[in-house]
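Everything below concerns the one structure shown next.
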Amino acid sequence: MAPEARGPGLGRRLLLELERHAREAGVKIVRLETNRALTAAIQLYRSSGYREVAAFNDEPYAHHWFEKQLL
């Protein structure tokens, strides 16, 4: 995200919208991955209830894998 777009919670709103669409589609678990350099994404995922899990793919640029069970 561009630095000038940071702050108003756009990333969190996008994540909530992703979860809403996933729930509507019947998805029970959302899995995300990110690179260690993306510290804001890591913090967002953790603060949004995602827990770090073992790698679920072999993406060479991913260093952190997360999942969240949707209610």
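Among the residues of the range 1-34 satisfying the criterion of being out of contact with any helix residue (DSSP H, G or I) (no Cβ under 8 Å at 6 or more places or on another chain) and in a loop (DSSP other than H, G, I, E, B), which is nearest to LYS68 (Cα to Cα)?
Within the range 1-34, the match that is nearest to LYS68 (Cα to Cα) is LYS28.
Can you name the residue in the range 9-21 that is open to solvent by less than 70 Å² (accessible area, probe 1.4 Å) and either among the hydroxyl-bearing types (Ser, Thr, Tyr) or under 11 Å from the mean Cα position of the chain (by Cα) (or both) and, of all such residues, is modelled with the lowest pLDDT? Reasoning before the result, please.
The initial filter retains those residues of the range 9-21 that are open to solvent by less than 70 Å² (accessible area, probe 1.4 Å), namely 9-11, 15, 19.
Of the ones still in play, those that are also either among the hydroxyl-bearing types (Ser, Thr, Tyr) or under 11 Å from the mean Cα position of the chain (by Cα) (or both) are 11, 15, 19.
Working: GLY11: 91, LEU15: 98, GLU19: 98.
Checking each candidate, the answer is GLY11.
How many of the residues in the range 57-66 are loosely packed, with under 14 Cβ neighbours inside 10 Å and either in contact with an Asp or Glu (Cβ under 8 Å, 6 or more places away or on another chain) or within 10 Å of LEU32 (Cβ to Cβ) (or both)?
2
Determine which member of the set GLU33, GLU24 is surrounded by 10 or more Cβ atoms within 10 Å (Cβ to Cβ) and of a type in the set (D, E, K, R). Steps first, answer last, please.
Values: GLU24 fails: surrounded by 10 or more Cβ atoms within 10 Å (Cβ to Cβ).
Selected residue: GLU33, the only one of GLU33, GLU24 that is surrounded by 10 or more Cβ atoms within 10 Å (Cβ to Cβ) and of a type in the set (D, E, K, R).
Any residue in the range 56-71 that is over 14 Å from ILE42 (Cβ atoms) sitting within a Cβ distance under 9 Å of a residue that is among the aromatic types (Phe, Trp, Tyr) and in a strand (DSSP E or B)? List the pairs, counting only those 6 or more apart or interchain.
PHE56/TRP65; ASN57/TRP65; GLU59/TRP65
Aromatic (Phe, Trp, Tyr) and part of a loop (DSSP other than H, G, I, E, B): does that describe PHE56?
yes
The values are calculated or read from the model by the stated rules, or taken from the named source; none is laboratory data. This is a predicted model, so every value here is computed, not measured. Neighbour counts run over all protein chains shown; Cβ positions are idealised from the backbone, glycine included. Heavy atoms of the whole protein, side chains included, go into the accessibility calculation; ligands, DNA and RNA do not. Shrake-Rupley method; radii C 1.70, N 1.55, O 1.52, S 1.80 Å.
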